[in-house]
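The values are calculated or read from the model by the stated rules, or taken from the named source; none is laboratory data. Keep in mind that this is a model prediction, so the values were computed, not measured. Neighbour counts run over all protein chains shown; Cβ positions are idealised from the backbone, glycine included.
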Amino acid sequence: MQTIKYGVLTGLLVLMTSSLLPMAAHAASEENQLVLNYDGFFDRLEDLNESEYQDIKLAFYFMNQQGDACPVKSVRLQTQLNKMEVYYLPSGEILLPFDHQLDADKAAIVIEKADDQICGLNMRLESVILLDKDVDVTKAKSLISTFDLALNDLAGMMSFTLPDVVGISFKTAADETLTINNMIAGECKLNSCTLSLADLDLYQDKVSFSHSIVKALPHIK
């Protein structure tokens, strides 16, 4: 078992990219258990526990070095006296709660892996609002502004070192190919379409996609 303290700089490096990067050091390949301090994750969740961030969330994913979900047997939060099971999804997302008592009790996140591949817990900003095939341009621009504000809040005094959120990426289900029906600008690849602020300015009212949007992510450059 390896206990890892979440590092601020490592977390900021994650947020500076549009892809997933390790948020904490990886467990050794021969170990099937990863233990992380909850307090660093709680601090990040607390940063976004404000009404202006109601449309987005900070999500945590247990991924391998190729960016695929790592198989998990169980996830729990454990203190000296208690433990509680934590829900996790096939996508690799681990649904960590925002809990002041767990922070005060110095809880640990214990992830039991299903195999010995090298995996790490990663974080990313993503939308939580419902999005359909037609996305309002004003809402898309609002999400970009919210992502940018959240990124700066998470970075704190280091925010001046970070790149800006210059656009937004919309994703559909992994087995679908996403395209823009009223294509004027933007770029689509596999199940994702990315539009910059300049691209959105070219659309009148909405961007119409071929499939319903599952989530939106910040495009950072």
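Checking each residue in segment 58-73 for being part of a strand (DSSP E or B) and under 24 Å from Glu126 (Cβ atoms) picks out Leu58, Ala59, Phe60, Tyr61, Phe62, Met63, Asn64, Ala69, Val72.
Among the residues of segment 158-169, some residue qualifies, meaning at least one is polar (S, T, N, Q), outside the structural domain of Tyr38 (by TED's automatic domain parsing) and surrounded by 16 or more Cβ atoms within 10 Å (Cβ to Cβ). Take the conditions (1) farther than 30 Å from Asp43 by Cβ; (2) part of a loop (DSSP other than H, G, I, E, B); Thr138 misses just one of them, which is (2). Across segment 127-150, the number of residues qualifying as touching a Leu at 6+ places or on another chain (Cβ under 7 Å) and either in the same structural domain as Arg44 (by TED's automatic domain parsing) or under 18 Å from Leu200 (Cβ atoms) (or both) comes to 6.
Going by what's in this entry, would Asp153 be described as assigned by TED's automatic domain parsing to the domain that holds Val86 and in contact with an Asp or Glu (Cβ under 7 Å, 6 or more places away or on another chain)? In short, no. Scanning segment 193-204 for residues that are surrounded by fewer than 16 Cβ atoms within 10 Å (Cβ to Cβ) and modelled with pLDDT of 95 or more yields Ala198, Asp201, Leu202.
In this entry, Ala104 is excluded by the filter for residues that are modelled with pLDDT of 85 or more and within 30 Å of Lys221 (Cβ to Cβ).
Yes/no matrix, rows are residues, columns are (1) among the basic types (Lys, Arg); (2) in contact with a strand residue (DSSP E or B) (Cβ under 6 Å, 6 or more places away or on another chain); (3) closer than 15 Å to Arg44 by Cα:
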residue	(1), (2), (3)
Asp99	no, no, yes
Ala108	no, yes, no
Leu121	no, yes, yes
Leu125	no, yes, yes
Val128	no, yes, no
Ser145	no, no, no
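Screening Leu102, Leu96, Leu77, Leu81 for residues that are in contact (Cβ under 8 Å) with a residue 12 or more places away in the chain, exposed (fewer than 14 other Cβ atoms within 10 Å of the Cβ) and either touching a Pro at 6+ places or on another chain (Cβ under 8 Å) or assigned by TED's automatic domain parsing to the domain that holds Ala59 (or both) leaves exactly one candidate, Leu81. Against the condition at pLDDT 95 or above, out of contact with any Pro (no Cβ under 9 Å at 6 or more places or on another chain) and of a type outside the set (Phe, Trp, Tyr), how does Val135 come out, does it pass? Considered against the rule, which asks whether it is at pLDDT 95 or above, out of contact with any Pro (no Cβ under 9 Å at 6 or more places or on another chain) and of a type outside the set (Phe, Trp, Tyr), Val135 comes out as yes. Number of residues in segment 165-211 that are of a type outside the set (A, V, I, L, M), in contact with a Phe, Trp or Tyr (Cβ under 8 Å, 6 or more places away or on another chain) and part of a loop (DSSP other than H, G, I, E, B) equals 4. When the test is whether a residue is modelled with pLDDT under 90 and either surrounded by fewer than 17 Cβ atoms within 10 Å (Cβ to Cβ) or basic (Lys, Arg) (or both), Met183 does not pass it.
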